[in-house]
Amino acid sequence: MTGRWLAEHRQERYYRLAKRLDYRSRASFKLMQIDDRFGIFEEGDSVVDLGASPGGWLQVAKERVGDGKVIGVDLRPIRPIEGVTTIIGDVTKKETMDELRVKFGGKADVVLSDMAPNVGGNYSTDHARSVHLCTFAIDVADHILKKEGKMVVKVFMGDMFHIVRDDLEKRFQSVRTHAPDATRSTSSEVYVIAKGYKGHRPRRMAEAGDDKNRTVFTKKGELT
Ligand SMILES: C[S@@+](CC[C@H](N)C(=O)[O-])C[C@H]1O[C@@H](n2cnc3c(N)ncnc32)[C@H](O)[C@@H]1O
């Protein structure tokens, strides 16, 4: 038995389990495993799920937060799930974010992103698109996440991974990278789990280096 055969066998097992337990995707098990290991959800939490179709993560989030608010956004429609609100839209578009703010109405305890670009043949391009989607997911968190909130983001591994990790490390107290068992062993995707959101950090200010916690240098290189 080769490693590849074993990996495929394991994925097939998750696929059959999802069918049997009425989850919409194998991805449901990834989120369950992440939550079991890192403690993402608490009863009553409000959750925003980006890239939510067909709805496997929404099912798990709803089960785990009980009466908490859960909303999912995706380019594709999501079949209704009891107690869950959905939006069809592009997370990179302002109008989608405006709709999210109106429909969600308040701040979230958890922001999830399982967004993935349409993969083509060129891995570098797919990786760059994945990183691009992550930066939008982080921007959503900057607008909607509560202080001390949590975030889980999927990213395709590659040489720009540090952009996502650095962005998260600036904003959260702890940042961990993890590949759950339900992820294909041949896949390059990983999940970044960020906990303890430090508060709103407008992207433009951050890029301008206007950060009170940073050491600031004058033009002459003297410490100020
Ligand atoms: C791996 S699937 C998500 C599976 C989902 N977590 C589940 O458990 O059912 C990735 C999703 O990201 C969505 N997506 C990609 N780019 C997006 C964007 N710009 N805005 C919203 N959704 C996006 C895709 O349409 C796709 O449904």
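Every number here is computed from the coordinates shown, using simple stated rules; none is lab data. What you are looking at is a predicted structure, and each value in this text was computed from that prediction instead of being measured. Heads up, the Cβs are rebuilt from the backbone with ideal geometry, glycines too, and the neighbour counts pull from every protein chain shown.
Key figures for this structure:
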| item | result |
| --- | --- |
| Per DSSP, loop trypsin sites (Lys or Arg not before Pro) in the range 113-194 with at most 10 further Cβ within 10 Å | none |
| Anchor K19: lysines whose Cα lies under 21 Å away (excluding residues fewer than 8 positions away in-chain) | K30, K62 |
| Pairwise Cα inverse-distance average, inverted: Kirkwood Rh of the range 52-157 (Å) | 14.4 Å |
| When the range 3-207 is reduced to its Cα atoms, the Kirkwood hydrodynamic radius in Å | 17.2 Å |
| Greater than 18 Å apart at Cα, pairs in K150/K198; K69/K103; K103/K154; K69/K146; K69/K170; K94/K150 | K103/K154; K69/K170; K94/K150 |
